[in-house]
Amino acid sequence: MIDLSSLYFGANGAFKPFIGRAPFSGEDATGEVRYEYDAASRSVMVYVSADPSSDAEGVLRIMGISSLSVSDFNFWDW
C-alpha cells in the first residue's frame, strides 16, 4: 500500500482519480497520480502532480513490479 493520505493539494486538498499510465491532464493536473513502467530497471515510477502544470512534483520508484492499480494506494485518511 502506497500511503499518500498525508499529502495536501489545492483548496480542497483532494486527489483526482488515479489515472494509471495516462499522461497528466493539460488543463489542471493538481492531485493527479500516474505511473510508468521502466523495463530496463524493472521498476515502476510513480508521478504525483501537486499543481496545475503537467510536470510531476513528486516521484517514487518501486522496484520489482510492473503495474499498479488504484487499490495499491491510500489517498484518504479515513
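The values are calculated or read from the model by the stated rules, or taken from the named source; none is laboratory data. Computed from a predicted structure; not experimentally measured. With ideal geometry, Cβ positions are generated from the backbone for all residues, glycine too; neighbour counts draw on all protein chains shown.
Count, please, the residues in region 29-55 that happen to be within 22 Å of SER5 (Cα to Cα), surrounded by fewer than 19 Cβ atoms within 10 Å (Cβ to Cβ) and touching a Lys or Arg at 6+ places or on another chain (Cβ under 9 Å). Don't jump to the end; show me each part of the working.
Restricting attention to region 29-55, the residues satisfying the condition of being within 22 Å of SER5 (Cα to Cα) are 29-36, 44-55.
Those still in the list that are surrounded by fewer than 19 Cβ atoms within 10 Å (Cβ to Cβ) too: 36, 45, 50-55.
Narrowing further to those that are touching a Lys or Arg at 6+ places or on another chain (Cβ under 9 Å): 36, 45.
Residues meeting the conditions: 2.
Please name all residue pairs, on different chains or six or more residues apart, with Cβ atoms under 8 Å, provided the first residue is in region 58-69 and is without any contact (Cβ under 8 Å) to a residue 40 or more places away in the chain and the second residue is basic (Lys, Arg) and in a loop (DSSP other than H, G, I, E, B).
MET63/ARG42; GLY64/ARG42; SER66/ARG42
Any residue at all in region 6-19 that's surrounded by 15 or more Cβ atoms within 10 Å (Cβ to Cβ), among the small types (Gly, Ala, Ser) and at pLDDT below 90?
no
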